[in-house]
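J.: Mind looking over this structure? Questions follow.
The values are calculated or read from the model by the stated rules, or taken from the named source; none is laboratory data. Here the structure is a predicted model, which is why all the values come from computation and not from measurement. All Cβ positions, even for glycine, are placed from backbone atoms using ideal geometry, and neighbour counts span all protein chains on display. Note: accessible area is taken over every heavy atom of the protein model, side chains too, but ligands, DNA and RNA are not part of it. Shrake-Rupley method; radii C 1.70, N 1.55, O 1.52, S 1.80 Å.
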Amino acid sequence: MDITKDIVYIGVDDKAIDLFEGQYDVPNGMCYNSYVILDEKIAVLDTVDKSFTDEWLEKLDKALCGRKPDYLIVHHMEPDHSGALKEAMAKYPEMKIVSSAGAFPMMKAFCKNDYADRKVLVKEGDELSLGAHKLSFIAAPMVHWPEVIFSYDHTDKVLFSADAFGKFGTIGTDEEWACEAARYYFGIVGKFGMQVQNVLKKAAALDIKTICPLHGPVLTGDLSEYFTLYDMWSKYEPDKNGVAIFYTSVYGHTGRAAELLKDELEAMGCKAALNDLARCDMAEAVEDAFRYGRIVLATTTYNGDIFPFMKTFINTLTEHNFCNRKVGLIENGAWAPVAANIMKKMLEGAKGIEYTENSVKIKGDLTQENIDQIKALAKEMA
Ligand code: FEO
């Protein structure tokens with residue numbers, strides 16, 4: 001696949017993977033993107049996951065048409081992109097390796113070699129000329145590891161954005177970009193909103209026609225949607241209207257309360273997204289919590305604490321810098337309900353959390369009073 005006249009895609013599709021990074025369900029697989037810029041000098045941009053080394057080297061060989069690469073540019077050292085680095089460096093002994101100061105100690109750690117005699121160290125603003133193509137490097141620390149750099153090709157106006165703007169799914173997966181890009185973003189990069197903001201400001205000064213991320217499709221055409229969503233997500237601003245409800249339920253009563261709340265909201269014309277935390281994909285639930293501005297948490301008291309799936313969920317949110325949301329609480333407990341207080345305590349460190357005036361306390365099955373409380377909560381939330 002040609003990205004431009006001189007830029008060729010040599011990434012691979014992973015259709016066999018079950019969990020990306022050991023935790024994310026990827027029903028449409030995953031791709032590890034890699035590119036080659038063919039000019040007077042040739043640059044290879046990143047490698048792929050180790051299990052695809054042979055396939056990738058074959059694609060690289062084909063793209064080179066008998067020539068030898070001069071540079072391997074490493075934007076990110078995570079093994080899904082550096083898995084074939086060692087083999088590539090061995091196959092092309094003249095090739096130099098271009099990366100940030102933070103990347104070389106990682107090479108030593110992952111590849112047992114930091115290529116000291118072949119190293120070209122680059123930092124923010126440095127340039128690399130390949131002939132007609134001139135690349136500028138942009139520091140992008142913590143998007144998603146500390147050593148990350150982006151590069152920008154001034155000639156073809158292409159931004160190589162490392163993990164940023166990536167998504168789950170193989171390269172050719174035909175689906176809406178935003179949904180799987182959001183699940184990817186909030187799970188993997190979401191904690192580092194401030195750092196994403198910093199790099200977006202630098203990108204705003206560039207004339208970008210194409211974004212080449214390390215995962216997901218190459219983005220072309222009108223890029224404003226991608227930049228707008230990344231701007232909102234990294235500022236922790238909701239991009240969806242409505243209320244997201246998250247619940248756990250042991251015997252169905254708390255679940256019924258959550259469903260009743262959803263029905264009440266929808267009857268008022270308010271969109272409601274319902275997530276049963278014991279059954280849904282946790283990363284999808286995390287995505288919803290960040291994409292909606294108003295959320296409701298409903299759970300039971302359990303072993304003097306809260307139900308385990310809700311505990312994991314709230315911990316995951318706070319780990320990812322969850323903030324600036326309106327939150328409603330529904331608790332259930334037959335003899336000593338403490339769930340609402342525990343959920344509040346868990347969210348104590350989250351900035352900008354505003355609680356609703358209405359809440360719901362159930363002691364077993366729903367009473368008429370509970371139904372009235374749910375209606376009042378729905379009215380306040382809608
Ligand atoms: Fe796709 Fe952070 O690696």
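J.: Please go through the range 90-140 and give me each residue that is crowded, with 18+ Cβ neighbours inside 10 Å and under 24 Å from the mean Cα position of the chain (by Cα), ordered by number.
T.: Ser99, Ser100, Ala103, Met106, Met107, Phe137, Ile138, Ala139, Ala140
J.: Output yes when any residue across the range 254-262 is of a type in the set (Lys, Arg) and over 25 Å from Lys351 (Cα atoms), and no when none is.
T.: Yes; the residues of the range 254-262 include at least one that is of a type in the set (Lys, Arg) and over 25 Å from Lys351 (Cα atoms).
J.: If you take the residues in the range 163-176 that are of a type outside the set (Val, Ile, Thr) and buried (at least 17 other Cβ atoms within 10 Å of the Cβ), which one is farthest from the ligand (Cβ to nearest atom)?
T.: Gly169
J.: Could you count how many residues in the range 1-14 are surrounded by 21 or more Cβ atoms within 10 Å (Cβ to Cβ) and assigned to a loop (DSSP other than H, G, I, E, B)?
T.: 2
J.: What residue, among those in the range 231-257 that are among the aromatic types (Phe, Trp, Tyr) and part of a loop (DSSP other than H, G, I, E, B), is most open to solvent (accessible area, probe 1.4 Å)?
T.: Here the answer is Tyr251.
J.: Has the range 30-50 got at least one residue that is part of a helix (DSSP H, G or I) and at negative phi?
T.: Taking every residue of the range 30-50 in turn, at least one turns out to be part of a helix (DSSP H, G or I) and at negative phi.
J.: Here's a follow-up. One residue is enough: does the range 29-41 have a residue meeting the conditions closer than 29 Å to Val98 by Cα and of a type in the set (Asp, Glu)?
T.: Yes, the range 29-41 contains at least one residue that is closer than 29 Å to Val98 by Cα and of a type in the set (Asp, Glu).
J.: OK, next. Limited to the range 345-371, what total is found for residues that are of a type outside the set (Lys, Arg), in a loop (DSSP other than H, G, I, E, B) and touching a residue at least 24 places away in the same chain (Cβ under 8 Å)?
T.: Adding up the residues that qualify gives 9.
J.: Another question, if that's okay. Go over the candidates Leu135, Leu72 one by one and state the one that is away from the ligand (no atom under 16 Å from the Cβ), in contact (Cβ under 8 Å) with a residue 60 or more places away in the chain, in a strand (DSSP E or B) and within 30 Å of Lys201 (Cα to Cα).
T.: None of the others qualify; the one that does is Leu135.
J.: Next up: Within the range 56-84, track down each residue that is hydrophobic (A, V, I, L, M, F, W, C) and either over 24 Å from the mean Cα position of the chain (by Cα) or open to solvent by 20 Å² or more (accessible area, probe 1.4 Å) (or both).
T.: Passing the criteria: Trp56, Leu57, Leu60, Ala63, Leu64, Cys65, Leu72.
J.: Let me ask another. Would you pick out the residues in the range 272-302 that are open to solvent by 30 Å² or more (accessible area, probe 1.4 Å) and either under 15 Å from Gly328 (Cβ atoms) or modelled with pLDDT under 95 (or both)?
T.: Hits for the range 272-302 are Leu274, Arg294.
J.: Restricting to the range 15-43, and then to whatever is aliphatic (A, V, I, L, M) and away from the ligand (no atom under 16 Å from the Cβ), can you tell me which residue is surrounded by the most Cβ atoms within 10 Å (Cβ to Cβ)?
T.: Ile37
J.: With the structure loaded, tell me whether Leu260 is touching a residue at least 12 places away in the same chain (Cβ under 8 Å) and open to solvent by 20 Å² or more (accessible area, probe 1.4 Å) or whether it fails that test.
T.: yes
J.: Just checking, how many residues over the range 306-328 are within 20 Å of Arg279 (Cα to Cα) and part of a strand (DSSP E or B)?
T.: Residues that pass the stated criteria total 1.
J.: Residue pairs, Cβ under 9 Å, 6 or more apart or interchain, first in the range 328-339 and under 9 Å from Lys363 (Cβ atoms), second among the hydrophobic types (A, V, I, L, M, F, W, C) and open to solvent by 10 Å² or more (accessible area, probe 1.4 Å). List them.
T.: That search, which allows pairs on different chains as well, returns Asn332/Val250.
J.: Would it be correct to say that Pro238 is of a type outside the set (Gly, Ala, Ser), in contact with a Gly (Cβ under 6 Å, 6 or more places away or on another chain) and over 24 Å from Pro141 (Cβ atoms)?
T.: Spelling it out, Pro238 is indeed of a type outside the set (Gly, Ala, Ser), in contact with a Gly (Cβ under 6 Å, 6 or more places away or on another chain) and over 24 Å from Pro141 (Cβ atoms).
J.: Taking the range 182-193 on its own, how many of its residues are within 13 Å of the ligand (Cβ to nearest atom) and of a type in the set (A, V, I, L, M, F, W, C)?
T.: 3
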